[in-house]
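Okay, so here's the structure we're looking at.
Coordinate-derived values only; no laboratory data. All of these numbers come straight from a predicted model, not from anything done at the bench. We place every Cβ from the backbone using ideal geometry, glycine too, and count neighbours over all the protein chains shown.
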Amino acid sequence: MSFLNRVLDPPSYGYLKDEKLYVPTQGELVREFFARLNIFKSRKNWLPLFSWLTILFFAPFLFVFLFHYFTWKLFIIAFIYSMVILGTHGTIYLHRYGTHHAFTFSHKIWLFIVRQMVIKLIPEEVYIVSHHVHHQFSEKPGDPYNVHGGWLYCFLADVNHQAIARDMDRKDYIRTAALVQHTGVKVNSYEQYLKWGSICHPFWTISHFLLNWAFWFTVFYFIGGMPLVCAIFGGAAFWAVGVRTYNYSGHGGGKDLRKEGDDFDRTNLSINQLWPGLVTGEWHNNHHLYPNGIRAGFLPYQWDYAWLFICFYRSIGGIDTWRDHKDQFYANHYEPYLKQKAMERTQAKTVKS
């Protein structure tokens, strides 16, 4: 069994039945969800509980904005912050840097700035470790947000499937902690891991989030008072819920929606969608094709805000190394496709004549 095959804590219903992916019922998914939030059952449930308490903390801001402070101007600001800024930051920090090491920072201060650049919503270990597993076993049993499990399977994955294993030996824990240590998180000792079931200690994680929230609350309050605070914090709540649905739609909802000449990775059902691509740079099929690159937008229409920020950050000295696979994409996929289509058109004309 490979390391990534055992790094996550499997759900009680398991991944396999009769050597095939087991798709749990909605009842099983919901029961698993609440069992894993039960801090009284085990203190090791603290991290998934904290992740969902974060959403509950931000939700009142959304309701106050909608029913008390709503204006179209604030709505547009909240929309841009949640859809574009938070989404793009997730692509830059958690996805391309945190998981795939597409680039490196020239100094820890540059990492600190990017890490705190937006309202913090997702703990690093929840995203990064499971995302490594997703790429290793995409759409196969063990994929923590396997599209073939259904929408709810993906939506509840951060609680049901993404927690790290709680019974690792010292060697495996050290390897697991190394997957997130470069992000600047304070890593638990092995003994602390055995107590808390996580890479990060609850004290440091919760303190980090509270300080980040206090900072951005203060900034937005001085800029626009409580109306702006409620608009942006409420938009953050909306994004935090919506991002949990992304992988299901990003893999076509389990259907083969890949388009010829657009989606070149045929090893999985990932697709390049206009909306997440244009607002965050997440052209998902391209990303699966070249996961460790600084950009996923290769074709002229595939706008990539995350890549533009990375280029800017490098220009001011914040980034010293990176990987860019655009040339390989054109040489290995797009240009051969264009040549093949040109050949087919020539052959069709010859047949007609």
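Below are the figures for this structure:
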{"quantity": "Estimated FRET transfer efficiency when R0 is 30 angstrom, pair Arg175-Met117 (beta carbons, to 0.05)", "calculated": "0.55"}
{"quantity": "Stretchable slack from Phe3 to Gln136, in nm (0.36 nm times residue separation minus alpha-carbon distance)", "calculated": "46.8 nm"}
{"quantity": "Label point distance in nm, Tyr190-Leu16, each placed 7 Å from Cα along Cα→Cβ", "calculated": "2.8 nm"}
{"quantity": "Within straight-line cross-link reach of Lys339, lysines at Cα separation under 19 Å, skipping those fewer than 8 residues along the same chain", "calculated": "Lys259, Lys326, Lys349"}
{"quantity": "Normalised contact order of the chain, rounded percent, pairs of Cα under 8 Å and 6 or more residues apart", "calculated": "23 percent"}
{"quantity": "Pair Thr104, Thr25: separation of 7 Å Cα→Cβ label points (nm)", "calculated": "5.2 nm"}
{"quantity": "Segment 99-136-segment 148-177 distance, computed between alpha-carbon centres (Å)", "calculated": "17 Å"}
{"quantity": "Segment Ala214-Lys255, extension gain: residue separation times 0.36 nm, minus the distance between their alpha carbons", "calculated": "10.5 nm"}
{"quantity": "Reach of Lys17 by Cα under 20 Å, taken over lysines that are not fewer than 8 positions away in the same chain", "calculated": "Lys140"}
{"quantity": "For a label point 7 Å along the Cα-to-beta-carbon line of Leu66, residues of segment 241-264 with backbone N under 15 Å", "calculated": "241-242"}
{"quantity": "Whole-Hz ³J(HN,Hα) from phi, Karplus 6.51 cos²θ - 1.76 cosθ + 1.60, for segment 112-118, glycine and proline x", "calculated": "4, 4, 5, 4, 9, 5, 9"}
{"quantity": "For Tyr22, residues with placed amide H under 5 Å, excluding near neighbours", "calculated": "Leu16, Lys17"}
{"quantity": "Pairwise FRET efficiency - Tyr301 versus Thr346, Cβ, R0 = 25 Å, nearest 0.05", "calculated": "0.45"}
{"quantity": "Lys, Arg +1 and Asp, Glu -1 on Cβ, resulting dipole of the chain about Cα centre, debye, nearest 20", "calculated": "160 debye"}
{"quantity": "Amide hydrogen neighbours beyond the local backbone of Ile164, cut-off 5 Å, H modeled", "calculated": "Asp9"}
{"quantity": "Candidate aspartates and glutamates - alpha carbon under 14 Å from Lys195, same-chain residues fewer than 8 apart omitted", "calculated": "Asp167, Asp169"}
{"quantity": "Cα gyration tensor, segment 179-284 - rounded (a/c under 1.5), prolate or oblate", "calculated": "oblate"}
{"quantity": "Burial ordering of Val7, Val351, fewest other beta-carbon atoms within 10 Å first", "calculated": "Val351, Val7"}
{"quantity": "Per-pair calculated FRET efficiency, R0 = 30 Å: Phe312 and His182 via Cβ, rounded to 0.05", "calculated": "0.90"}
{"quantity": "Kirkwood Rh in Å, taken over the chain so that all alpha-carbon pairs contribute", "calculated": "21.7 Å"}
